[in-house]
Amino acid sequence: MVDRRGLAATMLAGLLFGTSVPVIKLGLNFVPPNTFVTLRFLFASALIVFLLQGRGWVQRDLFRSRKIWIIGFINAFGYVLQFQGQLITSSSNAALIISTAALMIPVLSLAYVHEKMGMRKITGVLLGFIGITLLVTRGQAVNLGSSELLGDFLILGTAVTIALVFVLSKELVEKKGGRPVTGGIILVTAMLLLPTVVFDLGSSINLAPIAVFYVVFLAVFATVGAYYFFMKGLESVSPTISSIILPIEVVVAVTLSVIIFGDPFNLYSGTGAFLIIAGIILVSIAT
């Protein structure tokens, strides 16, 4: 029996995560990618240290755990890939490809926590990856030199890291609780992102009020808020059930992307999007 509060927390995390992809795309017009993602996590870390530390978000002994640093490194690497990828691919493509993390979670869970894969999960995974192929190629011959294709592959790397964070966090959350693990991941990620800022030296930065708003929004709602509800959900539901977060995220993100940016869809990319979402839903209900 699935815990309703855990499921509700996971769904809310999906809504909050879904807002991040279009906001990142907007913010990249003002701030270069490595600086942007680092500012996001530094601001989120400041919230945790100065406002939430007394509420159990910081557990010092957790930072002696090798696992939190491994998860933090994977998370930081994934965010670097995402912000770099979103420079050169569309917001809707990014949202759809990131959502395929849900298709990778059952495979990783099979290897790591020995969750079984039934026919629905297998079918869902296959549908999703056929969908990725249609989405990326749009029914045309692949141009390996295309910047958008490179962006799509960077985002696909992000999806892999998200799946790894899902699965690796489960055991730690069960032992330590959602709040300290959330705080630990965000703080470690911020520390590991700091050195990446040097790669933006020489790039122009425009910290206009709207750019600051994008950073604050991402930090408060799409980072601290989303991660908290995600980890809260993991306290009572499995990593595979938690993957329901991604169908919600992708619907929110793609809808906002089409409205804000007018991202185009043809028959092939539209079919690919449908297959990805169908595959994720199959994986999510196959529990």
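Give the residue that is farthest from Leu168 (Cα to Cα), with candidates limited to residues of segment 56-87 that are β-branched (Val, Ile, Thr) and part of a helix (DSSP H, G or I). Before the answer, list the steps.
Just the residues of segment 56-87 that are β-branched (Val, Ile, Thr), to begin with: 58, 68, 70-71, 74, 80.
Cutting the leftovers down to part of a helix (DSSP H, G or I) gives us 68, 70-71, 74, 80.
Values: Ile68: 9, Ile70: 9, Ile71: 7, Ile74: 10, Val80: 19 Å.
Of everything passing the filter in segment 56-87, Val80 is farthest from Leu168 (Cα to Cα).
Hey, any hits in segment 28-43 for a residue that's under 12 Å from Gly183 (Cα atoms) and either crowded, with 23+ Cβ neighbours inside 10 Å or in contact with a Lys or Arg (Cβ under 8 Å, 6 or more places away or on another chain) (or both)?
There is at least one residue in segment 28-43 that is under 12 Å from Gly183 (Cα atoms) and either crowded, with 23+ Cβ neighbours inside 10 Å or in contact with a Lys or Arg (Cβ under 8 Å, 6 or more places away or on another chain) (or both).
Please count how many residues of segment 174-190 are touching a Lys or Arg at 6+ places or on another chain (Cβ under 8 Å) and open to solvent by 60 Å² or more (accessible area, probe 1.4 Å).
Adding up the residues that qualify gives 1.
Do you know which of the residues in segment 45-55 that are under 24 Å from the mean Cα position of the chain (by Cα) and within 15 Å of Met231 (Cβ to Cβ) is modelled with the highest pLDDT?
Only one residue fits best here, namely Ile48.
Considering Val23, Val80, Val58, Val49, which residue is β-branched (Val, Ile, Thr) and open to solvent by 50 Å² or more (accessible area, probe 1.4 Å)? First the steps, then the outcome.
On the way: Val23 fails: open to solvent by 50 Å² or more (accessible area, probe 1.4 Å); Val80 fails: open to solvent by 50 Å² or more (accessible area, probe 1.4 Å); Val58 fails: open to solvent by 50 Å² or more (accessible area, probe 1.4 Å).
One residue alone meets the criteria, Val49.
Name the one entry in Ala211, Ala222 that is modelled with pLDDT of 85 or more, closer than 27 Å to Thr182 by Cβ and touching a Gly at 6+ places or on another chain (Cβ under 7 Å). If you could, list the steps in order and put the result at the bottom.
Working: Ala222 fails: touching a Gly at 6+ places or on another chain (Cβ under 7 Å).
Every option except Ala211 fails the conditions.
Only one of Glu115, Glu148, Glu171 is at pLDDT below 80, open to solvent by 30 Å² or more (accessible area, probe 1.4 Å), acidic (Asp, Glu) and in a helix (DSSP H, G or I). Can you tell me which? Quick ask: steps written out before the conclusion?
Numbers: Glu115 fails: in a helix (DSSP H, G or I); Glu171 fails: at pLDDT below 80.
Residue meeting the stated conditions: Glu148.
With the condition kept exactly as written, say whether any residue in segment 191-208 is at pLDDT 85 or above and open to solvent by less than 10 Å² (accessible area, probe 1.4 Å). Give the steps one after another, and end with the answer.
As a first pass, look at segment 191-208 and keep what is at pLDDT 85 or above: 191-208.
Filter once more, keeping what is open to solvent by less than 10 Å² (accessible area, probe 1.4 Å): 193.
Yes, because at least one residue in segment 191-208 is at pLDDT 85 or above and open to solvent by less than 10 Å² (accessible area, probe 1.4 Å).
Do any residues in segment 50-68 that are under 10 Å from Arg179 (Cα atoms) have Cβ atoms under 8 Å from those of residues that are of a type in the set (A, V, I, L, M) and part of a loop (DSSP other than H, G, I, E, B), where the two are at least six apart or on different chains, and which pairs are they?
Leu52/Val58
From the set of residues in segment 238-257 that are of a type in the set (Gly, Ala, Ser) and modelled with pLDDT under 75, which is surrounded by the fewest Cβ atoms within 10 Å (Cβ to Cβ)?
Ser238
Output yes when any residue across segment 33-55 is farther than 16 Å from Thr223 by Cα, touching a helix residue (DSSP H, G or I) at 6+ places or on another chain (Cβ under 9 Å) and not in a helix (DSSP H, G or I), and no when none is.
The answer is no; no qualifying residue exists.
The values are calculated or read from the model by the stated rules, or taken from the named source; none is laboratory data. Quick caveat: nothing in here was measured; it's all calculated off a predicted structure. Please note: Cβ atoms are built from the backbone with ideal geometry, for glycine as well, and neighbour counts cover all protein chains shown. Protein only, heavy atoms only, side chains kept; ligands, DNA and RNA dropped before computing areas. Shrake-Rupley method; radii C 1.70, N 1.55, O 1.52, S 1.80 Å.
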